Amino acid sequence: MAGGIFSPLGSYSDLEKANCHPLVCLLCHEPYQHPCLLDCYHNFCASCLRGRASDGRLRCPLCGHPSVVRGGTGLPPVDRLLQFLVDSSADSEEEVQCANCDRCCTKAELDTMYFCNTCGQPLCAPCREETHRARMFARHEIVSLSKRTKDIHKKCPLHEEPYIMFSTEKKSMLCINCFRDMQGESRAHCIDIETAYMQGCQRLDQAVMAVKELQTSTREAIVLLKAMIEEVRNSASEEEAAINSLFSRMQEQLSERKKTLLKAVQSQHEEKEKAFKEQLAHLASLLPTLQVHLVTCSAFLSSANKAEFLDLGYQLMERLQRIVKLPHRLRPAQTSKINSEYRAEFARCLEPLLMLSPRRSMVGSAGGIGPGITGTNMLPGGQCSKTLMVPSCPPTSDKMSTGPMVKKPTMHRYISTKVLLAEGRETPFAEHCRNYENTYRMLQTEIQSLKDQVQELHRDLTKHHSLIKSEIMSEILQKSLQMDVQIAAHYSAVEMMRSVFEEVWEETYQRVANEQEIYEAQLHDLLQLRQENSCLSTITKQIAPYVRSIAKVKERLEPRLQEPQEPKEEQAQMLLKICDN
């Protein structure tokens, strides 16, 4: 049969279904005809493998392992061991006839047949007892039929002499002539046939045990892999069911939250539209009144004489002033922006299903130092207040630097505060701004004083190489720590006012925007002061060891410095030399 018509065995199940007889080819399912051994130790008929080689390589039809083939046939070498087994099997299946009595034995009687290796003839059991028991056959070698020795295995093909020795070095049998032709060193590796046979059987038993262990491990691995394949199949089914279930629940949650958000948007739309229409109606009714009074003024000025003007003019002016002073809502009370925070709402409704960690609250609680400045404060109508950015110099307190923030310059905050206070409105936030400005100026003055002292010390130390007392550094550090405590306390006090101001900020949008901007700038200014103080403390700590070192040098040189007769130039050179060292 041509090998090209057979398809490779694709899986282990195909191999199980195939005929696994050791003398039957897995491709053609027939007894081996010239079996060939591949590099993967799989055997196939030569006719089944013919035509499968490509570029000097032959891929195994069973496992796919490539084997290198040499020669023009494109086939691997013939497996002599398997060929011997095939031939032995063929011989055992042939009909055997006794050479003495010509009796034919059935397959069931083959175990009772004998073979005379000396005569080269098969014998039945009766003939062995009757004929080959004679004295002339005493030296004949009679064995069971299955253990008969073929001529090819009895004599040396080179010298036509029987084999008597076995070389463990060359793994070959030797006749007497082959033994004589060997060198002395090689003869030491020669043993008799019987001893070689016993040693070979022992080594074969060891190899068989190793193969059996590998076979057991292979079967266990196959069982394990089959179980894992089934487990993977079940796991995939469970995962698909979980995905479909979660997706369905997510769709339901998103659908419900979508309806809620649409209702909220519609509610905001109706509320804002109603408020704008009411304000529009008020202004629409105000406009004719203003127009009528303007026309009245124009007509009165053109028709009234001096006496009539002085009699009725002041009454008209008072009426116009009262009209102007009436509370007219000229600016929108809220923004036109409708904000439902749909992204956050959708994420919030999916958190329980996806088991996400709860998000950090955007609005800080009252009384805390830091979280309040990280929050997004909601305004009426969904408007969000601006947030602050922490300055580049890191503060000592982590709580005061949490979250992203937008920088609010101190000058802008100061001008906005002045404008707010100039309006003359007595509100809680205006009173807070007055108190804040006083406290902030005091803290700013203290920080500036410490900053000037540290700058002066740094300048004296680096440029003038002056001697600095260590007590001054300790005082600066102590004041810096005290200022840090005061700034933190004032920050906490300002932060605690957030809830109070948020109630006031709900009145109008424009005022809220302005006041919140000032408020966040105040917090930023405090942060900036604290950061400056932190940098100040860091610089002071860095130069403190140098000050202490110079103070120790000063103590050593103090007797010399007090000598009046020493020239000033020599003193300066001495100090410069000490500083250099």
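Remark on C175: its backbone amide H falls under 5 Å from those of I164, a criterion applied only to residues 5 or more positions apart or on other chains, H modelled at 1.01 Å from N. Amide H to amide H distances under 5 Å link M113 with L145, where only residues 5 or more positions off or on other chains count and H is placed in the peptide plane.
From the phi angles alone, apply the Karplus equation (6.51, -1.76, 1.60; θ = phi - 60°) to segment 323-335 and give each ³J(HN,Hα) in whole Hz, x where the residue is Gly or Pro. Rounded to whole hertz, the list is 5, 5, 7, 4, x, 9, 8, 8, 9, x, 6, 8, 7.
Please compute the contact order of segment 216-352 in relative form: average sequence separation of alpha-carbon pairs under 8 Å and at least six residues apart, divided by the residue count, as a percent.
Reported as a whole number, the value is 49 percent.
Taking amide H atoms as placed 1.01 Å from N in the peptide plane, the amide H of V96 lies under 5 Å from those of C105, each 5 or more residues away in sequence or on another chain. Under the simplified labelling scheme, the I543-E213 pair shows an inter-label distance of 7.9 nm, with each label point 7 Å from Cα along Cα→Cβ.
Derived scalar couplings between HN and Hα for segment 198-203 equal 5, 5, x, 5, 5, 5 Hz in order, rounded to whole Hz, by the Karplus curve 6.51 cos²θ - 1.76 cosθ + 1.60 (θ = phi - 60°), x for Gly and Pro. The share of Cα pairs per 10 Å bin across segment 216-352, counted from zero up to the longest distance, runs 9, 18, 13, 12, 11, 10, 8, 6, 5, 4, 3, 2, 1, 0 percent.
Highest mean packing first, where packing is the average number of other Cβ atoms within 10 Å per residue, the peptides 38-46, 68-76, 242-250 line up as 38-46, 68-76, 242-250. Only lysine pairs 8 or more places apart, or on different chains, with alpha-carbon atoms under 27 angstrom apart are counted in segment 216-352, and they number 17.
What's log10 of I(q)/I(0) for segment 20-93 at q = 0.19 Å⁻¹, Debye sum over Cα points only, no solvent? Reported log10 I(q)/I(0), two decimals: -0.72. Phi angles across segment 483-491 convert, under the Karplus curve 6.51 cos²θ - 1.76 cosθ + 1.60 with θ = phi - 60°, into 3J(HN,Hα) values of 5, 4, 5, 5, 5, 5, 5, 5, 4 Hz, Gly and Pro given as x.
Peptides 423-434, 195-206 ranked from most to least packed, by the mean per-residue count of other Cβ atoms within 10 Å: 423-434, 195-206.
None of the figures in this text is laboratory data; all of them are computed from the coordinates on show. Treat the numbers as computed from the prediction; the structure is a model and nothing was measured. Counting neighbours? That spans all protein chains shown, and the Cβs are built from the backbone with ideal geometry, glycine included.
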